[in-house]
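K.L.:
The structure follows.
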Amino acid sequence: MKPIDFASKLFAVTGAAQGIGAAITQALLDRDAIVAALDICADTLQAFRDRIASPRLHTYCLDIANYSQVESTIGRIESSLGPIVGWINVAGILTPKSILETTPDDWERTFAVNTTGVFNACQCVARVMVPRCSGAIVTVSSNAASVPRQNMAAYAASKAAATQFTRCLGLELAEFGIRCNIVSPGSTDTPMQRSLWSDATATDVPDAVLQGSLSHFRIGIPLRRIASPEDVADAVLFLLSDRARHITLHDLRIDGGATLGA
Ligand SMILES: NC(=O)c1ccc[n+]([C@@H]2O[C@H](COP(=O)([O-])OP(=O)(O)OC[C@H]3O[C@@H](n4cnc5c(N)ncnc54)[C@H](O)[C@@H]3O)[C@@H](O)[C@H]2O)c1
């Protein structure tokens with residue numbers, strides 16, 4: 001089988017400063033890729049950069065919800081580092097609230113980051129990939145995009161929109177040889193996930209996450225483990241690689257069976 005070759009190729013990862021985005025960035029760097037790591041949080045990004053200390057890691061601070069920042073950052077990346085061959089949409093936010101408690105601002109910001117952010121990035125990066133007739137885009141969505149969850153309506157709806165947008169993008173870009181896929185994680189051990197736990201410093205995953213909770217209409221995780229960010233990174237790298245050359249418009253669920261494949 002052809003080996004996956006990421007060496008010296010340029011990838012851009014949004015939401016790269018921590019959690020799943022950091023794991024994807026690390027996995028790409030481990031394979032000798034060059035990575036443009038984008039995040040809104042300058043301090044976390046700087047700490048990540050200091051920890052990784054790789055000359056192949058380049059960091060950019062931006063708000064993915066801001067179109068002109070996204071457009072100019074992609075211009076800066078391409079003019080200083082070269083052509084972006086893979087783009088990974090990871091930046092996302094979750095404000096857990098019931099629908100009755102969700103404010104119009106909560107709703108708008110959730111969609112601005114999780115949905116409009118994906119549109120902003122994909123349109124701007126597609127404009128540079130199309131003339132080259134090559135590229136791969138992966139959007140990290142969520143298994144909540146297809147299965148309803150309590151206290152996550154805005155998040156789930158924003159992820160459903162991002163998933164469907166990425167599928168439509170894949171359809172429009174297929175003629176240019178650009179593949180667009182989605183990975184949909186379930187509960188993954190990151191700062192976002194821990195913000196949902198009553199004890200964010202706990203070493204054991206709360207029972208309700210693994211066993212499920214009838215009061216939350218939530219099935220557990222049949223594989224009885226929470227995903228590590230690296231589990232998600234492995235799937236993303238596969239979809240970016242030539243081994244996935246005939247896979248596009250696909251939504252790969254990485255949730256230990258938590259949504260029964262729905
Ligand atoms: N952790 C989980 O259980 C889980 C499950 C399903 C899906 N996801 C999705 O995976 C992705 C990564 O999640 P995570 O758990 O690593 O989250 P996280 O909160 O740990 O990290 C998200 C990163 O995105 C950055 N970010 C937020 N808003 C941004 C913006 N406007 N512009 C640029 N960067 C921004 C944050 O600063 C942070 O570094 C998200 O899209 C999330 O919805 C996570």
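K.L.:
Find the centroid of the Cα atoms in the stretch 46-69 and in the stretch 168-198, then give the distance between the two in whole Å.
P.N.:
19
K.L.:
What is the dipole size for the chain, taken about its Cα centre, with +1 at each Lys and Arg Cβ and -1 at each Asp and Glu Cβ, in debye to the nearest 20? Intermediate values should be presented prior to the final figure.
P.N.:
Details: 22 positive and 25 negative charges, 114 e Å.
Here the chain has a charge dipole of around 540 debye.
K.L.:
Find out how many positive minus negative residues lie around residue 83, taking Lys and Arg as positive, Asp and Glu as negative, among other residues whose Cβ is under 15 Å from that of residue 83. Provide the component values of the computation, followed by the final result.
P.N.:
Values: positive: 9, 76, 127, 132; negative: 78.
Residues near residue 83 contribute +3 overall.
K.L.:
Which cross-chain or sequence-distant (5 or more) residues have an amide H under 5 Å from the amide H of residue 139, H modelled 1.01 Å from N in plane?
P.N.:
When sequence neighbours closer than 5 places are left aside, the close amide H contacts are 89, 181, 182, 183.
K.L.:
Next up: Spin-label point model (7 Å from Cα, Cβ direction): what's the residue 213 to residue 30 distance in nm?
P.N.:
3.2
K.L.:
What's the Cα-based Rg to Rh of the stretch 60-213, Rh via Kirkwood?
P.N.:
With Rg and the Kirkwood Rh in hand, the quotient comes to 1.02.
K.L.:
Additional query: How high is the relative contact order of the chain, in percent, counting Cα pairs under 8 Å that sit 6 or more residues apart? Write down the numbers at each step before the final one.
P.N.:
Values: 502 pairs, mean separation 51.3, N = 262.
That works out to 20 percent.
K.L.:
If you don't mind, another one. Using modelled backbone amide H atoms (1.01 Å from N, in-plane), which distant-in-sequence or interchain residues come within less than 5 Å of residue 9's amide H?
P.N.:
Amide H to amide H, under 5 Å and 5 or more residues apart or across chains, residue 9 pairs with 34.
K.L.:
Now, a different point. How large is the Rg to Rh ratio of the stretch 1-143 when both quantities use alpha carbon positions and Rh follows Kirkwood? Intermediate values should be presented prior to the final figure.
P.N.:
Working: Rg = 15.5 Å, Rh = 15.7 Å.
A ratio of 0.99.
K.L.:
Using the Karplus equation 6.51 cos²θ - 1.76 cosθ + 1.60 (θ = phi - 60°), what ³J(HN,Hα) coupling, rounded to whole Hz, does each residue of the stretch 138-154 give in order, writing x for Gly and Pro?
P.N.:
10, 9, 8, 9, 6, 5, 6, 5, 10, 10, x, 10, 5, 6, 9, 4, 5
K.L.:
Per residue of the stretch 29-37, in order, report the coupling 6.51 cos²θ - 1.76 cosθ + 1.60 (Karplus, θ = phi - 60°) as ³J(HN,Hα) in whole Hz, putting x for Gly and Pro.
P.N.:
So the J values, rounded to whole Hz, are 5, 4, 9, 6, 7, 9, 10, 9, 9.
K.L.:
Binning at 5 angstrom from zero up to the longest distance, how are the C-alpha pair distances of the chain distributed in percent?
P.N.:
1, 6, 13, 18, 21, 17, 12, 7, 3, 1, 0
K.L.:
Arrange the peptides 212-218, 55-61 so that the one whose residues have, on average, the most other Cβ atoms within 10 Å appears first. Mind dumping the intermediate values first?
P.N.:
Details: 212-218: 12.1, 55-61: 15.7.
Going by the mean number of other Cβ atoms within 10 Å, highest first, we get 55-61, 212-218.
K.L.:
What fraction of the DSSP beta bridges in the chain is antiparallel, stated in percent and rounded to the nearest 5?
P.N.:
Here the share of antiparallel DSSP bridges comes out near 5 percent.
K.L.:
I would also like to ask the following. Taking +1 at the Cβ of each Lys and Arg and -1 at the Cβ of each Asp and Glu, which of 107, 222, 126 sits farthest along the dipole of the chain towards its positive end, judged by Cα position relative to the Cα centre?
P.N.:
In the chain, that residue is 126.
K.L.:
Here's a follow-up. Can you order the peptides 192-201, 155-164, 127-136 by their average number of other Cβ atoms within 10 Å per residue, highest first?
P.N.:
155-164, 127-136, 192-201
K.L.:
Expressed in nm to one decimal, what extension gain is obtained for the pair residue 54 and residue 245 from 0.36 nm per residue of sequence separation less their Cα-Cα distance? Intermediate results must be reported in sequence, preceding the final value.
P.N.:
Numbers: separation 191, 0.36 × 191 = 68.76 nm, distance 2.89 nm.
Full-extension gain reported as 65.9 nm.
K.L.:
Would you give the gap between the C-alpha center of the stretch 82-107 and the C-alpha center of the stretch 108-122, rounded to a whole Å?
P.N.:
Each part's Cα centre sits 6 Å from the other's.
K.L.:
I need the peptides 5-12, 176-183 ranked by packing, meaning the mean over residues of other C-beta atoms within 10 angstrom, with the highest value on top.
P.N.:
Working: 5-12: 18.2, 176-183: 22.0.
Those peptides, ordered most packed to least, come out 176-183, 5-12.
K.L.:
Percent antiparallel among DSSP beta bridges with both residues in the stretch 1-154, to the nearest 5? It would help to have the intermediate numbers written out before the result.
P.N.:
Numbers: 0 of 19 bridges.
Just about 0 percent of them are antiparallel.
FYI, it's all coordinate maths here, none of it is from the lab. What you see is a predicted model, and the numbers here were worked out from it, not measured in a lab. With ideal geometry, Cβ positions are generated from the backbone for all residues, glycine too; neighbour counts draw on all protein chains shown.
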